[in-house]
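In what follows, a structure is listed as structure tokens, so that the remarks can point back to it.
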Amino acid sequence: MATTIRAEAGPLRRYAPLLGVALIVLYCLLPFYWMMVSAFRRPSDQFDNSIIPRPFSFDNIKDVFKEGTGFGRGLANSLLVAGTVTILTLVIGLVAAYTLARLDFRGKNLVLAIIITTSMFPGISLIVPLLKLFIDIKWINTYQAMIVPSLSFALPLAVWTLTSFFRQMPRELEQAAMVDGCTPAQAFRKVILPLAAPGVFTTAIITFIAAWNEFLIALTMVQVKEKQTANVIISQFTGAAGRDQPFGSQMAAGVIVTIPLVIAVLLFQRRIVAGLTAGGVK
Amino acid sequence: MSAPTPVAAERPVNQPPTSEKVRRHDEGTGKLAAILLSPTMLVLGLVVLFPIISALRESLYQPGGVDPETGFVTEGDTFVGLDNYTAIFTGDTADRFWNAFYNTTFFTVTCVVLETILGVAMALVMHKAFRGRAVVRASILVPWAIPTVVSALLWKWIFQADGAANAIIGRQVLWSTEGWQSVASVIIADTWKTAPFIGLLVLAGLQTIPNEVYEAAKVDGASVFQQFRMITLPLVKPALLVAVLFRMLDTLRIFDLPFVLVGPHKDSVETLSMLAYDEAFNTRYGPAAAYATVLFIYVAVVAFAFVKLLGADVIGDAAVRKPKKKKKGDSAPPGVGAAGLGGLTAGGGV
């Protein structure tokens, strides 16, 4: 109904939302576009402000992977850390989320409140004591020193998002399965889990992006280049050029780190939005 | 510590009727739930609760030094009571602390206000738009997906002395130097990255408002502005409050952006997280833990105040899975909607 009302209105009414949408798209994408443009300029005309890179060049991208930058290794480290965090989080969080979504027990809201509260804690107040602990148990410069603290923000995020997804599934599903002779555990494994796969997958993407973007923990816990994540490596780029901050290669590295996430976002935008708004949590 | 708890207690658990049946034949539900929840709670205890407590303990110690009485160098840490805290508030480093405290607060207030206004505007535009929804949804996720470090470097590049920002405004501002300009650059970068996210959450809230409510208001002769103030704002308030709360808590612990965009040891942008990190980096764990604990308490107080005063219903979405029904019921006569939804105050309404 509302559609027809608006369609009959004047051209201003009709095109104003479209203009607004265009503004939002520009707002979101222009800085990102600038990063891409800067990445594909020749290092010699890095400070050129033209809107398209002319001549187009892959020199910055090549510089990023030059020996000694450690960027390739950093990417692998990021993948390892974020991947492990995502898998651990899903394995641990799945059961908890299902329990919170389905079982009625006393103190459920308290548990939900505790989980949501833990995600609000400032990272630094967890990192300072963990840093000292990790020094004592010789965990500094190890992968687990990055993975374990990352659970502190990834786990609440995953449990929260998964709980919302499980809640959206009708209870009749398990009831039907149990009428057919499944135990509750079987109903979960054989009926719910396959049906919840999209939600689990979405949660995995959101958790992975959160873990991939983590900086403070990686910066604090690891000092050797071989174990540092891509984010830390980029921020400490000295580049091949030397004294000046190597913005060209930093933009190129930024593009490389971001492109997989942007592709994932483009492919799964509908689901990601559903996951983000269902959880209501970043 | 568990700020949202009181809200949870106030709210009757609105379970579907089937729960009665489930409860009847599941006597051991509580025990089962405890078993199933234990891995998550155990991990959270280890990576969250334990560090918080040991930070509290740590903040009462200082690294060993020369014992003033015996003259020997002491091994390990010495207990100094609340010295680290008194040093924060009144000692030599008090100025640095208050500066960081002010910066953190200033960033939080400015960024969240800007992001909320922009985010709500974006959500309203997206809600009205019928074409290009997929494009706008995809592009709005891009700033969210970019790692904060990368966005910090990106903005650092834009704010270069001979970068894009100066080329556009046609002036030579040295953005990364101490002063208002570095503060502005951090605020701009943060707003760019997170305003779309608020827009996304508010849009989800907008989409739950039934169209009939607006139509009824139109029939009653409400202007567009009146509709926004009396219907839209009160009805998206729950979603908006949660978004704002999370943004506030996130900005209070801001670290990556000023650290990479402007750099450490810059008075203009040093935040509490950066201060605590700097102390820990220089192996002064006691003071670092004290700073971290102060920040923790600050965050907890803000969260608690927000939930208590404005009634942000943080766990509502998961606890009650029937928001639409509730909203409809509450807002049936459009004018009444201004009373607010589940909120203790009519912050968004009259």
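The values are calculated or read from the model by the stated rules, or taken from the named source; none is laboratory data. Note that the structure is a prediction, hence the values are computed from the model and not measured. Cβ sites come from the backbone with ideal geometry, for glycine too, and all protein chains shown count toward neighbours.
Name every residue in the stretch B:253-266 that is surrounded by fewer than 23 Cβ atoms within 10 Å (Cβ to Cβ) and modelled with pLDDT of 90 or more, in order of residue number. Steps first, answer last, please.
To start, the set of residues in the stretch B:253-266 that are surrounded by fewer than 23 Cβ atoms within 10 Å (Cβ to Cβ) comprises B:255, B:263-266.
Listed by number, the list holds a single entry, B:PHE255.
Quick one: what pairs do we get from the stretch A:101-118, first residue more than 7 Å from chain B (Cβ to nearest Cβ), second of a type in the set (S, T, N, Q) and surrounded by 21 or more Cβ atoms within 10 Å (Cβ to Cβ), C-beta under 7 Å, 6+ apart or different chains?
A:ALA101/A:THR163
Identify, please: which residue in the stretch B:123-159 is of a type outside the set (A, V, I, L, M, F, W, C) and at the interface with chain A (Cβ under 7 Å from one of its Cβ atoms) and is, among those, surrounded by the most Cβ atoms within 10 Å (Cβ to Cβ)? Working first, answer last.
In the first step, residues of the stretch B:123-159 are kept if they are of a type outside the set (A, V, I, L, M, F, W, C); the result is B:127-128, B:131-133, B:137, B:139, B:143, B:147-148, B:151, B:156.
Checking the rest, the ones that are also at the interface with chain A (Cβ under 7 Å from one of its Cβ atoms) come to B:128, B:131-132, B:137, B:139, B:143, B:147-148.
Working: B:LYS128: 16, B:ARG131: 10, B:GLY132: 17, B:ARG137: 18, B:SER139: 23, B:PRO143: 21, B:PRO147: 25, B:THR148: 23.
Ranking the qualifying residues of the stretch B:123-159, first place goes to B:PRO147.
Only one of B:VAL186, B:VAL202 is within 11 Å of chain A (Cβ to nearest Cβ), touching a helix residue (DSSP H, G or I) at 6+ places or on another chain (Cβ under 8 Å), crowded, with 20+ Cβ neighbours inside 10 Å and assigned to a helix (DSSP H, G or I); which?
Details: B:VAL186 fails: within 11 Å of chain A (Cβ to nearest Cβ).
Only one candidate qualifies: B:VAL202.
State whether one or more residues within the stretch B:253-265 are over 21 Å from the mean Cα position of the chain (by Cα) and among the acidic types (Asp, Glu).
Just the residues of the stretch B:253-265 that are over 21 Å from the mean Cα position of the chain (by Cα), to begin with: B:262-265.
Adding the requirement that they be among the acidic types (Asp, Glu) leaves none.
There is no residue in the stretch B:253-265 that is over 21 Å from the mean Cα position of the chain (by Cα) and among the acidic types (Asp, Glu).
Looking at this structure, is A:PRO149 without any contact (Cβ under 8 Å) to a residue 60 or more places away in the chain and assigned to a helix (DSSP H, G or I)?
Working: without any contact (Cβ under 8 Å) to a residue 60 or more places away in the chain: no; assigned to a helix (DSSP H, G or I): yes.
Criteria not met by A:PRO149.
Which of the residues spanning the stretch B:270-286 are within 10 Å of chain A (Cβ to nearest Cβ) and buried (at least 20 other Cβ atoms within 10 Å of the Cβ)?
Those that are within 10 Å of chain A (Cβ to nearest Cβ) and buried (at least 20 other Cβ atoms within 10 Å of the Cβ): B:THR271, B:LEU272, B:SER273, B:MET274, B:LEU275, B:ALA276, B:TYR277, B:GLU279, B:ALA280, B:TYR285, B:GLY286.
What residue, among those in the stretch A:26-49 that are in a loop (DSSP other than H, G, I, E, B) and touching a residue at least 12 places away in the same chain (Cβ under 8 Å), is surrounded by the fewest Cβ atoms within 10 Å (Cβ to Cβ)? Step through it out loud before you land on a result.
First pass over the stretch A:26-49, keeping only residues in a loop (DSSP other than H, G, I, E, B): A:40-42, A:46-49.
Narrowing the set further to residues that are touching a residue at least 12 places away in the same chain (Cβ under 8 Å) leaves A:40-42, A:46.
Details: A:PHE40: 21, A:ARG41: 24, A:ARG42: 16, A:GLN46: 21.
Per the criteria, the residue is A:ARG42.
Does A:ALA154 qualify as being more than 7 Å from chain B (Cβ to nearest Cβ) and in a helix (DSSP H, G or I)? Walk me through how you get there before you give the answer.
Details: more than 7 Å from chain B (Cβ to nearest Cβ): yes; in a helix (DSSP H, G or I): yes.
So A:ALA154 passes the test.
Just wondering, is there one or more residues in the stretch A:162-170 that are free of Cβ contacts under 8 Å to residues at least 24 places away in the same chain and over 21 Å from B:LEU56 (Cβ atoms)?
Here is the first cut: in the stretch A:162-170, the ones free of Cβ contacts under 8 Å to residues at least 24 places away in the same chain are A:170.
Checking which are over 21 Å from B:LEU56 (Cβ atoms) leaves us with A:170.
Yes; the residues of the stretch A:162-170 include at least one that is free of Cβ contacts under 8 Å to residues at least 24 places away in the same chain and over 21 Å from B:LEU56 (Cβ atoms).
Tell me, please, whether a residue that is in contact with a Cys (Cβ under 9 Å, 6 or more places away or on another chain), more than 27 Å from B:TYR61 (Cβ to Cβ) and outside the structural domain of A:GLN46 (by TED's automatic domain parsing) can be found in the stretch A:71-78. Give the steps one after another, and end with the answer.
Taking the stretch A:71-78 and keeping what is in contact with a Cys (Cβ under 9 Å, 6 or more places away or on another chain), we get none.
Among the residues of the stretch A:71-78, not one is in contact with a Cys (Cβ under 9 Å, 6 or more places away or on another chain), more than 27 Å from B:TYR61 (Cβ to Cβ) and outside the structural domain of A:GLN46 (by TED's automatic domain parsing), which makes the answer no.
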